[in-house]
Amino acid sequence: AQTIEEGYARLVAARKRDESLNEKLRALNTISEEGKPLREAVQRAREDLLRELERARSRAEELQKSCRKLPQLRKEQELQRARLAGLASRKTDLEAKKEQAQGIFEHIRHLEADNALLKGEMNGLKEKLDLLAPAQARCPLCGADLDPSAREQLESSYQTEGRSKADTYRSHQKTLEGLQGEHKALDGEVRSIEAGLQSEAAPEQARQLALEKEVREAEEAAAMLVEAEASRGELQQRWSSADFAPVETKRLRELEAEARELQYDAQGHRAAQEEMEETKGFEDRKHRLDEAERSIPMQKSDLDRALAEVSTRRQRLEAEQQRKQSLGAELASLPQVALRLEEAEGGLALQVSRKTRMQRDLVELEVKLRRLQDREREHGEKATRKKRALEEEQIYKELAEAFGKGGIQAQLIEYALPEIEVEANRLLGRMTDNRMHLKIDTQRPIKSRKEEMAETLVIEIADELGTRNYEMFSGGEAFRINLALRIALSKLLAHRAGAPLPTLIIDEGFGSQDTAGREKLVDAINSIQDDFEKIIVITHIEEMKDLFPVRINVIKTAEGSTIQVS
């Protein structure tokens, strides 16, 4: 009993120490759980500050790289300006040569006009001389008869004047040959210089714009570098002083102080638990000891009761002996009881079979129920997919309508046609002295449903006689209409592509015209010559060659084709 009491006392003391340390451990765990999100927040703030500092450093380095390019970029810019100045000087020289060529051309036209006038005057003198040829010649001015001396004097005067004009004509013709050669050479030089300038100017101007953009970006980088350095310095100061998540850091320090105040002893806790483990058997032994001490009076009472029970059971034994004899007599009727038992067992087996069959039916019904539930779920999913498919079908129908002929395509045509119509009418007006104009309609009423409109494309053409079908106009008029529409469409496409349209090329197109029609078509082309830098007409018709100022003749030979410019 003494050993049990001492061991139980050690167990109670160890339990008290364990409970106290458990409370401190729970408090410490609570502090740790509260500190966990704080530490995570501090770590995230630290990582965020570090990433921000790295971004600031990277930004500053990029700006520094841009700033270091600035001197070189300015030097390249000055060189580029010098190159552009050289191109401008060459362009100035080109303009001077153009003016020189124009002056020679005007001089040529002036000399040609003078020669034409001289030729007419010489023809007039020749006619006068022819009038003086007969012996009885009359005066070409008054019609009076001329005597031989007067006729000879007048004939000599006409001949002298004719020779003078012929000499002047030949001098002009010789000068013209020299000027034409000089104009041809100068024109070729102008074309060569102009082609070179056009090929060089575009990349040089593009390079100039690119350099200006780079210099501007480098100057902006220099201005932003000061702010970037200041921001990086501020971030570096925060990093050096660990200035991130101040609220969480302060709370963590408070929790650490609270943890220290708890003075939790993990080693003492383990020792108490080991002491409890060593003495845990004394608790049961102490309970049994207390129970034994409490049961002594009861056991004495039980002994008295046991003695009385012995007497009672002896009397019961005698009664049981008598009952045994009675049961022996009853054993004679045991076969009948066994027969009833067998019948009862047969009925039980039948009930068990019915139970088994019903359980099997129940399992089958549960399987069918689950299958029906799965089908019901599949039906719901298919209904949902059907609804979504119907919604998508409606969307696709709307998209098909929008992207069909009556949707976006029609709107694009609606936006483009007014521009084509305006430009075509402008050109057609210039080619016909504003006698003709056209109109483009994109919709017409449906005959069966006049309140509805159908998409179409109708070009209505009108002149001073009214609106007529295209087939009712002559070949020259149809050519002007076609030319105006095609040029308007080409300008629209070039404008939308962001490209110039400096050249117009007409390949054939004169075969269906008579001589008068061809001249009118040439007049139509000349009326729009100011809209293009160059107009090139390709034709095999001999009569067309003299209708344009400059010709490029392609001559096919056995060795190949050659060209001749005249």
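The values are calculated or read from the model by the stated rules, or taken from the named source; none is laboratory data. For clarity, every value in this text was computed on a predicted model and none was experimentally measured. Cβ sites come from the backbone with ideal geometry, for glycine too, and all protein chains shown count toward neighbours. Accessible surface is based on the protein model in full, side chains and every heavy atom, while ligands, DNA and RNA are left aside. Shrake-Rupley method; radii C 1.70, N 1.55, O 1.52, S 1.80 Å.
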Subject >> Flag if residue 500 is over 22 Å from residue 426 (Cβ atoms) and in a loop (DSSP other than H, G, I, E, B) >> reply: no
Original post:
Out of curiosity, is residue 362 over 30 Å from residue 461 (Cα atoms), open to solvent by less than 100 Å² (accessible area, probe 1.4 Å) and assigned to a helix (DSSP H, G or I)?
Top reply: yes
**OP:** Those residues that are of a type in the set (Gly, Ala, Ser) and open to solvent by 50 Å² or more (accessible area, probe 1.4 Å), I need them from segment 455-489; list them, please.
**Re:** 474
Subject >> In segment 500-521, the residues that are at pLDDT 75 or above and surrounded by 15 or more Cβ atoms within 10 Å (Cβ to Cβ) >> reply: 501, 504, 506
Original post:
If the Cβ limit is 7 Å and pairs must be 6+ apart or interchain, which residue in segment 308-321 that is free of Cβ contacts under 8 Å to residues at least 12 places away in the same chain pairs with which residue that is in a helix (DSSP H, G or I) and open to solvent by less than 100 Å² (accessible area, probe 1.4 Å)?
Top reply: none
**OP:** Report yes if some residue within segment 74-81 is closer than 30 Å to residue 227 by Cα, out of contact with any Cys (no Cβ under 9 Å at 6 or more places or on another chain) and free of Cβ contacts under 8 Å to residues at least 60 places away in the same chain; otherwise report no.
**Re:** yes
Original post:
Yes or no: residue 279 touching a residue at least 60 places away in the same chain (Cβ under 8 Å), among the β-branched types (Val, Ile, Thr) and either open to solvent by 100 Å² or more (accessible area, probe 1.4 Å) or on the phi < 0 side of the Ramachandran plot (or both)?
Top reply: yes
Original post:
Does any residue of segment 478-494 turn out to be part of a loop (DSSP other than H, G, I, E, B) and free of Cβ contacts under 8 Å to residues at least 40 places away in the same chain?
Top reply: no
Original post:
Taking interchain pairs and intrachain pairs at least six residues apart, which have beta carbon atoms under 8 angstrom, with the first residue in segment 527-551 and under 22 Å from residue 194 (Cβ atoms) and the second among the polar types (S, T, N, Q) and open to solvent by 50 Å² or more (accessible area, probe 1.4 Å)?
Top reply: 532/503; 533/503; 534/503; 535/503; 535/529; 536/503; 550/566; 551/566
Original post:
Filtering segment 525-566 down to residues that are charged (D, E, K, R) and in a helix (DSSP H, G or I), which residue is nearest to the chain's Cα centre (by Cα)?
Top reply: 531
Original post:
Is there a residue in segment 17-24 that is open to solvent by 30 Å² or more (accessible area, probe 1.4 Å), assigned to a helix (DSSP H, G or I), touching a residue at least 40 places away in the same chain (Cβ under 8 Å) and more than 26 Å from residue 287 (Cβ to Cβ)?
Top reply: yes
Original post:
Checking residue 534 against (1) at pLDDT 85 or above; (2) of a type outside the set (A, V, I, L, M, F, W, C); (3) within 22 Å of residue 421 (Cα to Cα), which single condition isn't satisfied?
Top reply: (3)
Original post:
Just checking, which of 406, 380 is open to solvent by less than 90 Å² (accessible area, probe 1.4 Å), outside any helix (DSSP H, G or I) and either modelled with pLDDT of 90 or more or of a type outside the set (Lys, Arg) (or both)?
Top reply: 406
Original post:
Would it be correct to say that residue 186 is open to solvent by less than 40 Å² (accessible area, probe 1.4 Å), in contact with a His (Cβ under 7 Å, 6 or more places away or on another chain) and either farther than 17 Å from residue 116 by Cα or in a helix (DSSP H, G or I) (or both)?
Top reply: no
**OP:** Working carefully through the options 439, 491, find the one that is in contact with a Leu (Cβ under 7 Å, 6 or more places away or on another chain) and either under 24 Å from residue 523 (Cα atoms) or modelled with pLDDT under 80 (or both).
**Re:** 491
Original post:
Can you pull out the residues in segment 409-421 that are surrounded by 11 or more Cβ atoms within 10 Å (Cβ to Cβ) and without any contact (Cβ under 8 Å) to a residue 60 or more places away in the chain?
Top reply: 409, 410, 411, 413, 414, 417
**OP:** Go through 300, 286 for me and flag whichever is open to solvent by 80 Å² or more (accessible area, probe 1.4 Å) and part of a helix (DSSP H, G or I).
**Re:** 300
Original post:
So how many residues does segment 246-265 have that are free of Cβ contacts under 8 Å to residues at least 24 places away in the same chain and of a type in the set (Gly, Ala, Ser)?
Top reply: 1
